[in-house]
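Right, one structure below, let's go through it.
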Amino acid sequence: MIIDVHGHYTTEPGALQVFRAAQLNGENPASSALWNEIGDDEVRESVESNQVRILTGRGGDLMLFSPRASGMQHHWHDPHVANEWARASNDLVYRVSKQFPQHFAPVAQLPQTPEGNFDGVLAELRRTVTEFGFVGANLNPDPSGTWAGKPLTDESWFPVYEAAEELDVPFMVHVSTTENPNFHTLGAHYLNADTSVFMQLLQSDLFTRFPNLRFVIPHGGGAVPFHWGRYRGLAVRNEWQDPSGLLHNVFFDTAVYHQPGIDLLTEVVPSTNVLFASEMLGAVRGADPETGVEWDDTLVYVRNAGLSDEDFERITCTNALRVYPRLAAHLEAVSA
């Protein structure tokens, strides 16, 4: 089985964006009303010729599926708006997973705000996991969009981590849109966040307090694999833990869009800490004109990375089952 741990609902029905526009205009629509506005046929058609076709056509089987990352827009301050937006987005992802359970396992958007809205975050995390069978959630380390908040290692985040350990779900560390025009959302902000979060973790003892907390850092970890020596050197100089000490809790995905990048990732990071991902129909679309390979057809790069059969199986399947233990229940339900 080929499991892709990083997919977003970028082909959502137009009614979802109409709902969002109404929210931002101050109309305060209820997420429950949106459920009845979008029919099952529309949900099915939105992914059948898109993610389902591409996933299966490339040899994949199952995708961990969450709402559009750039659409989370956590920089809006109103917690009521954030709660209803997350609920509406997650409800649609759940409906996709119910129609195509063999291809999609749901991952939640959390209703974060610059001030935290941790009560709302905890409520939505518990709702999606316990009621709808979500297997994980995306956690934005920069809900302000300007890096104005506390690092992920600050104790203000601890109630969220306690809930994650209790529910046994990992977080994919994923920012949304940036409010700083110096940073392109997709080309700079996303990769800056991946790199910055790893540095925050290196400087902390977070996993001493939360030994079962798990983070997946997407996009190959940003600069992390390329600068592993820098992190080791800083750790020695400052008497921090070695970066390898984070690898019980920190994992990286393969949403890296060229062969040398995948080669470096799989050479530097142990195979036990790499999870297959494509983030298809996301930031980068189309084909590399030099190779003819679709940029986000990362399974091609993983297959060509010279991995042993055992390492390939880890990266494309067994690591995901270990990091996302609730996937087992999802797959059992599919089999049944």
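The values are calculated or read from the model by the stated rules, or taken from the named source; none is laboratory data. Small disclaimer: the values here were computed from a predicted structure and weren't measured. In this analysis, Cβ positions are derived from the backbone assuming ideal geometry, glycine residues included, and neighbour counts consider all displayed protein chains. To get the accessible areas, we keep the full protein, side chains included, count just its heavy atoms, and leave off ligands, DNA and RNA. Shrake-Rupley method; radii C 1.70, N 1.55, O 1.52, S 1.80 Å.
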Leaving ligands and nucleic acids out of the surface, order 214, 68, 209 by accessible area at 1.4 Å, largest first.
209, 68, 214
Indicate the gyration tensor shape class of region 35-81 (rounded, prolate or oblate), computed on the Cα atoms with a ≥ b ≥ c the square roots of the eigenvalues: a/c under 1.5 is rounded; otherwise a/b larger than b/c is prolate and the rest oblate.
oblate
With only helices counted (DSSP H, runs n ≥ 4, each -39500 (n - 2.57)), the per-residue ellipticity at 222 nm for the chain, to the nearest 500, works out to -11000 deg cm²/dmol
Could you check how much of the accessible area of the chain is carbon and sulfur, as a whole percent, using a 1.4 Å probe?
49 percent
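Determine the per residue accessible area of region 13-109 with all protein chains present and a 1.4 angstrom probe, expressed in square angstrom. Present the calculation step by step, with values, prior to reporting the outcome.
Working: 3930 Å² over 97 residues.
Ligands and nucleic acids excluded, the result is 41 Å² per residue.
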So how do 42, 165, 290 rank on accessible area, 1.4 Å probe, biggest first, that is with the largest at the start?
290, 42, 165
Once you charge only the Cβ atoms, +1 for Lys and Arg and -1 for Asp and Glu, what is the size of the charge dipole of the chain about its Cα centre, to the nearest 20 debye?
260 debye
Take the alpha carbon gyration tensor of region 129-247, find the square roots of its eigenvalues, order them as a ≥ b ≥ c, and report rounded if a/c is under 1.5; if not, report prolate when a/b exceeds b/c, else oblate.
oblate
Net charge contributed by nearby residues that have their C-beta within less than 15 Å of residue 123 (K/R +1, D/E -1)
-4
Can you give the charge dipole size of region 78-155 about its Cα centre, rounded to the nearest 20 debye, using +1 on the beta carbon of Lys and Arg and -1 on the beta carbon of Asp and Glu?
420 debye
Rounded, prolate or oblate, given the Cα gyration tensor of region 189-280, with a/c below 1.5 counting as rounded?
prolate
